[in-house]
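A.B. asks: I'd like to ask some things about the structure below.
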Amino acid sequence: MHFESPWAFLLLILIPALPLIRRFTLKRGAIRFSSTGNAAKAGSSFRRRLYQLPAVIRLLALVCLVVALARPQTGREQIVDVSKGIAIEMVIDRSGSMGAEMEFEGRQMTRLDVVKNVFKNFALGDGKDLKGRSNDLIGMIAFAGYPDTICPLTLAHGALPPFLDTIKLVQVRSEDGTAIGDALALAAARLEKADETLTRQRPGNKKIYEIKSKIIILLSDGENNAGKRDPLQAADLAAKWGIKVYAIAVGGGESVQSVQTPFGVFKVPVSQRVDTMALKQIAEKTGGFFREATDADSLSAIYKEIDQMETSEIESIKFVDYKESFLPFAMLGLMLIGLEILLSNTIFRKIP
């Protein structure tokens, strides 16, 4: 247990002095008797033996309140390995073509769901080869006809799965498309401001964490056909800011997609052209690499490659997460005061 305001214990010095102060300041009434011998022979009642009980309860109440003023805190010591980390922006294509099916751990699901699951393993760890990126700032951007910031750069990785769940295939035809350039430019802008984001998240602790490098992991299964910015212009912007792009072409070739019709769900063949040349040029301009992922296993292998290339320098930082525990002492003190008042006005009432 830790006390946030230990100076409050100085008040305990005054508590033993209270009975003396009361003794010399309290005026008591007296009645003269010729002899008290008969009263002494009568003995003491149970009430008489405990006549000091209210005073003792009062002193205990004061002790409890002083302890509450000292603000006891309980905490759990934690050791976090953080020193230099990497700022990572995940840029995920959610256009309609990402609805094509792909196998993941024995189940058929959309490309988008496979991308989300493999990314979750990369960020949080899969208990096998991927240990997770607990020391890195991670943010997410999803795009179809235009990009959206799904999750800002954060070290609180427990928030990533709920944000991932919000990424859905585009439902409105007018919003469909593949705005690779705009999404890449937005991700680069977010990383350029990563130091400001970190300062807001950890005010006063700027020296605890240092951004070692900044990378973008771009996943798409199409070619740029929407948005205002050309992908190569966005790549130039990322290169200017020292941001590497790892470009991944997902799928490619023939695949099937489940389509809901009035007569049920049917699987129809789909073919999507991936602009691998543009993705290669983006990676080359920024110092990253380009890879093709035709299935979940190859996508996981690419993430393992990135995981090995982008390592963090770490050191142990010890801190204690405290929880306020003064309330039980304060409540007990107030209850004892109430009990003392009750006893003083009933069983131990004095007249006058």
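The values are calculated or read from the model by the stated rules, or taken from the named source; none is laboratory data. Here the structure is a predicted model, which means the values were calculated and not measured. Positions of Cβ are backbone-derived with ideal geometry, glycine not excepted, and every protein chain shown enters the neighbour counts.
A.B. asks: For the subset of region 199-232 comprising residues that are in a helix (DSSP H, G or I) and surrounded by fewer than 22 Cβ atoms within 10 Å (Cβ to Cβ), which member is modelled with the highest pLDDT?
C.D. replies: My answer is L232.
A.B. asks: Filter region 233-246 down to the residues that are in contact with a Lys or Arg (Cβ under 7 Å, 6 or more places away or on another chain) and either touching a residue at least 60 places away in the same chain (Cβ under 8 Å) or outside any strand (DSSP E or B) (or both) and list them by number. Give the derivation first.
C.D. replies: The initial filter retains those residues of region 233-246 that are in contact with a Lys or Arg (Cβ under 7 Å, 6 or more places away or on another chain), namely 235-236, 239, 242-243.
Hits for region 233-246 are A235, D236, A239, G242.
A.B. asks: Can you tell me which residue is farthest from V91 (Cα to Cα) among those in region 176-195 that are in contact with a helix residue (DSSP H, G or I) (Cβ under 7 Å, 6 or more places away or on another chain) and surrounded by fewer than 24 Cβ atoms within 10 Å (Cβ to Cβ)? I'd like the intermediate steps shown before the answer.
C.D. replies: Step one: list which residues in region 176-195 are in contact with a helix residue (DSSP H, G or I) (Cβ under 7 Å, 6 or more places away or on another chain), which gives 176, 180-181, 184-185, 188.
From what is left, the residues that are surrounded by fewer than 24 Cβ atoms within 10 Å (Cβ to Cβ) are 176, 185.
Working: D176: 16, A185: 10 Å.
Out of the qualifying residues, it is D176.
A.B. asks: State the number of residues belonging to region 122-135 that are out of contact with any helix residue (DSSP H, G or I) (no Cβ under 6 Å at 6 or more places or on another chain) and crowded, with 21+ Cβ neighbours inside 10 Å.
C.D. replies: The qualifying residues number 0.
A.B. asks: Search region 150-175 for residues being charged (D, E, K, R) and modelled with pLDDT of 90 or more, and hand back the single one that is surrounded by the fewest Cβ atoms within 10 Å (Cβ to Cβ).
C.D. replies: D165
A.B. asks: What about A278, is it of a type in the set (A, V, I, L, M), in contact with a helix residue (DSSP H, G or I) (Cβ under 6 Å, 6 or more places away or on another chain) and modelled with pLDDT of 80 or more? Please lay out each step first, then the result.
C.D. replies: Values: of a type in the set (A, V, I, L, M): yes; in contact with a helix residue (DSSP H, G or I) (Cβ under 6 Å, 6 or more places away or on another chain): yes; modelled with pLDDT of 80 or more: yes.
Yes; evaluated as a whole, the condition is true for this residue.
A.B. asks: Does Q73 count as exposed (fewer than 15 other Cβ atoms within 10 Å of the Cβ) and not in a loop (DSSP other than H, G, I, E, B)?
C.D. replies: no
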